[in-house]
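Quick notes on the structure that follows.
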Amino acid sequence: MKDIMRIKCLLSADVETLLNQQIKKEAHSSAMYLAMASWCNQNGFDYSSDYFFKQSEEERVHQLKLFKYVLDMGGTALSPDVNNIKQDYASFREVFEDALEQEVAITQSFKNIAANCLKEQDFVTFEFLNWFMKEQREEEYKARRALELFEVIGEEGTGRWEIDKHVNKIKYDSETAGE
(Lines give C-alpha, C1' and ligand atoms only; values in the text may rest on other atoms or scores of the structure.)
Protein backbone atom coordinates (compact mmCIF):
# COMPACT_ATOMS: atom_id res chain seq x y z
CA MET A 1 0.00 0.00 0.00
CA LYS A 2 2.86 2.40 0.81
CA ASP A 3 4.23 2.06 -2.76
CA ILE A 4 0.83 2.97 -4.19
CA MET A 5 0.71 6.04 -1.92
CA ARG A 6 4.18 7.13 -3.10
CA ILE A 7 2.89 7.13 -6.68
CA LYS A 8 0.19 9.59 -5.63
CA CYS A 9 2.76 11.81 -3.94
CA LEU A 10 4.27 14.51 -6.14
CA LEU A 11 7.37 14.75 -3.93
CA SER A 12 10.35 12.44 -4.01
CA ALA A 13 11.13 10.75 -0.72
CA ASP A 14 14.31 12.86 -0.43
CA VAL A 15 12.56 16.19 -0.98
CA GLU A 16 9.77 15.20 1.40
CA THR A 17 12.38 14.39 4.06
CA LEU A 18 14.13 17.73 3.50
CA LEU A 19 10.83 19.60 3.75
CA ASN A 20 9.96 17.81 6.99
CA GLN A 21 13.40 18.70 8.35
CA GLN A 22 12.71 22.32 7.41
CA ILE A 23 9.34 22.18 9.18
CA LYS A 24 11.25 21.17 12.31
CA LYS A 25 13.78 23.98 11.82
CA GLU A 26 10.98 26.52 11.50
CA ALA A 27 9.33 25.18 14.66
CA HIS A 28 12.68 25.41 16.45
CA SER A 29 13.13 29.00 15.23
CA SER A 30 9.67 29.92 16.46
CA ALA A 31 10.39 28.46 19.90
CA MET A 32 13.82 30.10 19.97
CA TYR A 33 12.31 33.51 19.24
CA LEU A 34 9.73 32.97 22.00
CA ALA A 35 12.59 32.31 24.43
CA MET A 36 14.32 35.47 23.21
CA ALA A 37 11.09 37.45 23.67
CA SER A 38 10.84 36.13 27.22
CA TRP A 39 14.47 36.98 28.02
CA CYS A 40 14.09 40.50 26.59
CA ASN A 41 10.87 41.03 28.53
CA GLN A 42 12.44 39.86 31.79
CA ASN A 43 15.36 42.21 31.25
CA GLY A 44 13.28 45.30 30.46
CA PHE A 45 13.71 45.34 26.68
CA ASP A 46 10.02 45.65 25.84
CA TYR A 47 10.38 46.69 22.18
CA SER A 48 12.79 43.86 21.47
CA SER A 49 10.45 41.47 23.25
CA ASP A 50 7.66 42.56 20.89
CA TYR A 51 10.03 42.19 17.93
CA PHE A 52 10.85 38.59 18.89
CA PHE A 53 7.19 37.73 19.52
CA LYS A 54 6.50 38.85 15.92
CA GLN A 55 9.49 36.86 14.66
CA SER A 56 8.21 33.78 16.48
CA GLU A 57 4.81 34.14 14.85
CA GLU A 58 6.40 34.53 11.40
CA GLU A 59 8.38 31.34 11.87
CA ARG A 60 5.21 29.52 12.93
CA VAL A 61 3.52 30.75 9.72
CA HIS A 62 6.50 29.46 7.70
CA GLN A 63 6.26 26.10 9.46
CA LEU A 64 2.56 25.80 8.64
CA LYS A 65 3.06 26.90 5.03
CA LEU A 66 5.62 24.11 4.54
CA PHE A 67 3.46 21.61 6.44
CA LYS A 68 0.44 22.33 4.24
CA TYR A 69 2.54 22.16 1.07
CA VAL A 70 3.79 18.66 1.92
CA LEU A 71 0.19 17.57 2.52
CA ASP A 72 -1.06 19.27 -0.66
CA MET A 73 1.56 17.38 -2.66
CA GLY A 74 0.33 14.06 -1.25
CA GLY A 75 3.16 13.65 1.20
CA THR A 76 3.24 13.03 4.92
CA ALA A 77 3.94 16.14 6.98
CA LEU A 78 5.41 15.39 10.37
CA SER A 79 4.61 17.42 13.47
CA PRO A 80 8.02 18.07 15.02
CA ASP A 81 9.26 17.77 18.57
CA VAL A 82 11.05 20.91 19.65
CA ASN A 83 13.65 20.78 22.39
CA ASN A 84 17.02 22.20 23.39
CA ILE A 85 15.84 25.80 23.28
CA LYS A 86 18.31 28.23 24.82
CA GLN A 87 16.52 30.16 27.58
CA ASP A 88 19.23 32.44 28.95
CA TYR A 89 21.63 34.86 27.34
CA ALA A 90 24.80 36.45 28.65
CA SER A 91 23.93 39.82 27.12
CA PHE A 92 21.39 41.79 25.13
CA ARG A 93 23.76 41.70 22.16
CA GLU A 94 24.05 37.89 22.32
CA VAL A 95 20.30 37.59 21.69
CA PHE A 96 20.69 39.41 18.37
CA GLU A 97 23.88 37.55 17.44
CA ASP A 98 22.03 34.26 17.89
CA ALA A 99 19.06 35.57 15.88
CA LEU A 100 21.29 36.46 12.92
CA GLU A 101 23.10 33.13 13.15
CA GLN A 102 19.75 31.34 13.08
CA GLU A 103 18.52 33.25 10.03
CA VAL A 104 21.73 32.52 8.11
CA ALA A 105 21.38 28.81 8.96
CA ILE A 106 17.74 28.81 7.77
CA THR A 107 18.75 30.47 4.49
CA GLN A 108 21.43 27.81 3.95
CA SER A 109 18.89 25.10 4.64
CA PHE A 110 16.49 26.49 2.04
CA LYS A 111 19.34 26.73 -0.47
CA ASN A 112 20.08 23.06 0.13
CA ILE A 113 16.45 22.09 -0.47
CA ALA A 114 16.33 24.23 -3.63
CA ALA A 115 19.54 22.63 -4.95
CA ASN A 116 18.04 19.17 -4.38
CA CYS A 117 14.85 20.20 -6.17
CA LEU A 118 16.84 21.35 -9.19
CA LYS A 119 18.87 18.13 -9.17
CA GLU A 120 15.64 16.11 -9.18
CA GLN A 121 13.92 18.49 -11.61
CA ASP A 122 11.20 19.16 -9.04
CA PHE A 123 10.39 22.58 -10.46
CA VAL A 124 7.05 22.81 -8.64
CA THR A 125 8.71 22.65 -5.22
CA PHE A 126 11.58 24.86 -6.43
CA GLU A 127 9.05 27.54 -7.41
CA PHE A 128 7.30 27.15 -4.05
CA LEU A 129 10.64 27.71 -2.29
CA ASN A 130 11.17 31.05 -4.05
CA TRP A 131 8.75 32.69 -1.62
CA PHE A 132 10.89 31.49 1.28
CA MET A 133 14.10 32.65 -0.38
CA LYS A 134 12.68 36.17 -0.70
CA GLU A 135 11.47 35.99 2.89
CA GLN A 136 14.94 34.97 4.06
CA ARG A 137 16.47 37.94 2.28
CA GLU A 138 14.22 40.15 4.43
CA GLU A 139 14.85 38.17 7.63
CA GLU A 140 18.63 38.27 7.26
CA TYR A 141 18.53 41.99 6.43
CA LYS A 142 16.49 42.80 9.54
CA ALA A 143 18.68 40.62 11.77
CA ARG A 144 21.86 42.27 10.43
CA ARG A 145 20.44 45.76 10.85
CA ALA A 146 19.38 44.98 14.43
CA LEU A 147 22.87 43.77 15.28
CA GLU A 148 24.41 46.82 13.58
CA LEU A 149 22.55 49.03 16.06
CA PHE A 150 24.97 47.83 18.73
CA GLU A 151 27.85 49.31 16.71
CA VAL A 152 26.08 52.47 15.58
CA ILE A 153 24.50 53.40 18.91
CA GLY A 154 26.80 51.62 21.35
CA GLU A 155 25.75 50.00 24.60
CA GLU A 156 27.13 52.55 27.07
CA GLY A 157 24.84 54.76 29.13
CA THR A 158 21.37 54.65 27.61
CA GLY A 159 22.64 52.79 24.53
CA ARG A 160 20.82 49.53 25.17
CA TRP A 161 17.61 51.48 25.81
CA GLU A 162 18.07 53.30 22.48
CA ILE A 163 18.81 50.05 20.66
CA ASP A 164 15.67 48.53 22.17
CA LYS A 165 13.59 51.48 20.94
CA HIS A 166 14.94 51.19 17.38
CA VAL A 167 14.65 47.42 16.84
CA ASN A 168 10.92 47.52 16.01
CA LYS A 169 11.50 50.30 13.49
CA ILE A 170 13.70 48.20 11.20
CA LYS A 171 11.94 47.73 7.88
CA TYR A 172 12.90 46.01 4.68
CA ASP A 173 11.54 47.32 1.40
CA SER A 174 12.66 45.11 -1.47
CA GLU A 175 11.77 47.88 -3.93
CA THR A 176 14.28 50.31 -2.44
CA ALA A 177 16.83 47.77 -1.19
CA GLY A 178 20.21 48.45 -2.62
CA GLU A 179 19.51 52.08 -3.53
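The values are calculated or read from the model by the stated rules, or taken from the named source; none is laboratory data. All of these numbers come straight from a predicted model, not from anything done at the bench. Methodologically, a virtual Cβ is constructed for each residue, glycine included, from the backbone with ideal geometry; neighbour enumeration extends over all protein chains shown. The area values use the complete protein model at the heavy-atom level, side chains included, leaving out ligands, DNA and RNA. Shrake-Rupley method; radii C 1.70, N 1.55, O 1.52, S 1.80 Å.
All of (1) closer than 27 Å to E156 by Cα; (2) open to solvent by 80 Å² or more (accessible area, probe 1.4 Å) hold for S79 with one exception: (1). Can you tell me which residue in region 150-179 is farthest from N43 (Cα to Cα), limited to those that are touching an Asp or Glu at 6+ places or on another chain (Cβ under 8 Å) and not β-branched (V, I, T)? Going through the qualifying residues, I end up with S174. I'd like the residue in region 25-79 that is basic (K, R) and either in a loop (DSSP other than H, G, I, E, B) or touching a helix residue (DSSP H, G or I) at 6+ places or on another chain (Cβ under 7 Å) (or both) and, out of all such residues, is nearest to A105 (Cα to Cα). If we take residues in region 25-79 being basic (K, R) and either in a loop (DSSP other than H, G, I, E, B) or touching a helix residue (DSSP H, G or I) at 6+ places or on another chain (Cβ under 7 Å) (or both), then K25 is nearest to A105 (Cα to Cα). Considering K8, K65, the condition of being closer than 23 Å to Q121 by Cα and at pLDDT 95 or above is satisfied by K65 alone. Does D164 satisfy the criteria of being over 24 Å from Y69 (Cβ atoms), assigned to a helix (DSSP H, G or I) and among the charged types (D, E, K, R)? Yes: the conditions hold for D164. Is region 124-139 home to any residue that is at pLDDT 90 or above and at positive phi? No.
To keep it simple, each residue is scored yes or no on (1) in contact with an Asp or Glu (Cβ under 9 Å, 6 or more places away or on another chain); (2) among the polar types (S, T, N, Q).
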{"residue": "C40", "(1), (2)": "yes, no"}
{"residue": "S48", "(1), (2)": "yes, yes"}
{"residue": "I85", "(1), (2)": "no, no"}
{"residue": "A90", "(1), (2)": "no, no"}
{"residue": "R93", "(1), (2)": "yes, no"}
{"residue": "E97", "(1), (2)": "no, no"}
{"residue": "N112", "(1), (2)": "no, yes"}
{"residue": "A115", "(1), (2)": "no, no"}
{"residue": "F123", "(1), (2)": "no, no"}
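Scanning region 85-121 for residues that are free of Cβ contacts under 8 Å to residues at least 24 places away in the same chain, open to solvent by 80 Å² or more (accessible area, probe 1.4 Å) and within 30 Å of D164 (Cα to Cα) gives A90, E101, Q108.
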